[in-house]
1. Looking at the range B:227-269 only, could you name the residues that are of a type in the set (Ser, Thr, Tyr) and on the phi > 0 side of the Ramachandran plot?
2. Just checking, how many residues over the range A:40-72 are within 13 Å of chain B (Cβ to nearest Cβ) and more than 23 Å from A:Gly235 (Cβ to Cβ)?
3. Quick one: which residue in A:Thr56, A:Thr65 is open to solvent by less than 10 Å² (accessible area, probe 1.4 Å), in contact with a helix residue (DSSP H, G or I) (Cβ under 7 Å, 6 or more places away or on another chain) and not hydrophobic (A, V, I, L, M, F, W, C)?
4. Can you tell me how many residues within the range B:166-183 are of a type in the set (S, T, N, Q), within 14 Å of chain A (Cβ to nearest Cβ) and either outside any helix (DSSP H, G or I) or surrounded by fewer than 19 Cβ atoms within 10 Å (Cβ to Cβ) (or both)?
5. Test of understanding: among B:Val37, B:Val33, which residue is away from every other protein chain (no Cβ under 14 Å) and within 20 Å of B:His188 (Cβ to Cβ)?
6. Would you please name the residue that is least open to solvent (accessible area, probe 1.4 Å), looking only at residues in the range B:242-265 that are at the interface with chain A (Cβ under 9 Å from one of its Cβ atoms) and out of contact with any strand residue (DSSP E or B) (no Cβ under 8 Å at 6 or more places or on another chain)?
7. Which ones in the range B:208-233 are crowded, with 24+ Cβ neighbours inside 10 Å and over 23 Å from B:Pro6 (Cα atoms)?
Protein chains: 2
Amino acid sequence: MLRDVPVGGGAPITVQSMTNTPTADLDSTLDQVRHLVAAGCDIVRVAVPDMEAAATLRRIVEGCTVPIVADIHFDWKLALKAMEAGVAGIRVNPGTIGSKKHLEEIAKVASPTQTVVRVGVNAGSLEKRFKENKVREKDALVQSAIEGLKLMEDFGVEKLKVSVKASGVEETVEASREVSEKTDWPMHVGITEAGTLWSGTIKNAVGIGALLAQGIGDTIRVSLSSDPLEEVRVGSKILQVLGLGKEGPQVVSCPTCARTRIDVIEIAELAEKELSGYRAPIRVAVMGCEVNGPGEAKSCDVGVTGGPEHGLLFVGGKLKKKVELDSIADELLSEAKRLINEYEEGKDA
Amino acid sequence: MLRDVPVGGGAPITVQSMTNTPTADLDSTLDQVRHLVAAGCDIVRVAVPDMEAAATLRRIVEGCTVPIVADIHFDWKLALKAMEAGVAGIRVNPGTIGSKKHLEEIAKVASPTQTVVRVGVNAGSLEKRFKENKVREKDALVQSAIEGLKLMEDFGVEKLKVSVKASGVEETVEASREVSEKTDWPMHVGITEAGTLWSGTIKNAVGIGALLAQGIGDTIRVSLSSDPLEEVRVGSKILQVLGLGKEGPQVVSCPTCARTRIDVIEIAELAEKELSGYRAPIRVAVMGCEVNGPGEAKSCDVGVTGGPEHGLLFVGGKLKKKVELDSIADELLSEAKRLINEYEEGKDA
């Protein structure tokens, strides 16, 4: 449990992100956390680079509805300050904390404060001794993580998590899989330093997707050189497409080809935009022609398909009516919103 | 072999897309194919909805440097016309072609023309008989594909490929995995009707990535309700992040946090843009701070990392020099381009 959010043991997989405001700037940090939470973020991590940041943590914790995790590097005393401030968890990187003595000091406080400690190993900051003798990056990550967990267990920490991240998908997937075989602690998974919004999205979807598809990962963090909100959106979508996520509308739409009779791209984009934010788990189809159109539209809660002279509107698996080609988007959205209203009234009833 | 492009048998995994111009419009179709090829597309499929489209195929085939695959539905005679026009392959969907008799007519021409036939099954157009008795979608896809392959084998077709696609990631991944266990024919993989550019990118990356990570898939098609060029870009990136793709620069960059000292987002986006299109397999790091920055920058061919007063430029795993914070992007790009030039001169020599 990170405060009231369960991680591991079969609990729903959670989405994390990390603020990029100066942590010591309370207002902007609280504001960013609120945006992240509104987008579906379950756990928020904040960097604690110095004592000024650490001194702000208590007010951040008090001002947020989600568990706050403090990201600690280099200075073990920052970890103590963070735990005293009441954070739900800390992330320590054995590669930057360095000495066993300092890990032990952290463990001494983690135990009585019931702080969750993530042993977070990263390829960019591995201790030198793990990289000697041409050890492969993946093996070095695994060794460092397992040793770090063992140390923290021996020092009496009761709640641990673990992560092993590299900027390469293969290394991260292999290392995470090996760690998952060697320990039962909950795993935080993600690809680190994954790059820009576009290529990082693909890198994370492939890597995190491959792990989750194998049942590995209890909490995920998509890492993007972009607005942290994008990390939450991508993370939530990865969970949704694997059937592991929160509810909400999904748009099914065809890739368009020479057969396409309607502006699938525009209508699908519009539907995705107009229906985002709702919780109703409806599936909406936007299909260009008669090949897969009727089949896919029938399999969804509501769907339209283009035809040579008119479109077809399907609701609940049945053809409802023919529609004019130029009113297809309106017809689709009005049916979809009717279903969303029904769903919401049903929940309220 | 699709013309001169090998598929399966351990050959490099190829990227496909499909034109969305009217196939009968020769100029716009050839123009789109050229753009797709320039973006890295290995095989191009075109829809053949009618005889007018079929009549244009010969000139499309002659005007293109890549193998052309004709996408056939409903009318088996279109398949004959396409094969006579010299396409490298045809895709037939047993669910829309319908009768065994018509598949046999197609097989009779495929064999002497050495046309590759893809049995392409799609959840949106399954034959009714496979969906009876509440059979699961995944099982219906597998049954239809295996039966289709068996028929074409019995009818004497020598070169087959197979695909099973649903709009759901789990169904597609499970069905593709089962088919790969039941047959040795090369597999075309992808998620169908995957949605908009944003959500479809994630859906395909998760689904195709999960399959490729298990060694399943010989050729891929990312399906997006978007410009087909985006399908090629995303497909190529999926292969690249799994180490299965063509060469080219990769940007490693951190997600930014309260520690970040430089504008990582802007510099990483700029680097990705400026270095795209080159073939040199260099890795370029843009890192915000001293935690993972030096480690990651050293592991790349060239990298920069922010610091409190100045940045550090690493080349070939070694610190080259301190750089002013406001000239960090210029320094990075000039080193990266120098490495690209060296690589290209080395190849020419």
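The values are calculated or read from the model by the stated rules, or taken from the named source; none is laboratory data. Model, not experiment: these values are computed from the prediction. FYI the Cβ positions are ideal-geometry reconstructions off the backbone, even for glycines, and counts take in every protein chain you see. What goes into the accessible areas is simple: the full protein's heavy atoms, side chains included, and nothing from ligands, DNA or RNA. Shrake-Rupley method; radii C 1.70, N 1.55, O 1.52, S 1.80 Å.
1. B:Thr256
2. Total meeting the criteria: 7.
3. A:Thr56
4. 1
5. B:Val37 is the lone residue from the list that is away from every other protein chain (no Cβ under 14 Å) and within 20 Å of B:His188 (Cβ to Cβ).
6. B:Leu242
7. Selection gives B:Leu224, B:Ser225, B:Ser226.
Every residue, every condition in (1) assigned to a helix (DSSP H, G or I); (2) under 30 Å from A:Glu344 (Cα atoms); (3) among the polar types (S, T, N, Q); (4) not assigned by TED's automatic domain parsing to the domain that holds A:Ser276, yes or no:
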position	(1), (2), (3), (4)
A:Thr192	no, no, yes, yes
A:Trp198	yes, no, no, yes
A:Val206	yes, no, no, yes
A:Gly209	yes, no, no, yes
A:Ile216	no, no, no, yes
A:Ser223	no, no, yes, yes
A:Glu230	yes, yes, no, yes
A:Arg233	yes, yes, no, yes
A:Lys237	yes, yes, no, yes
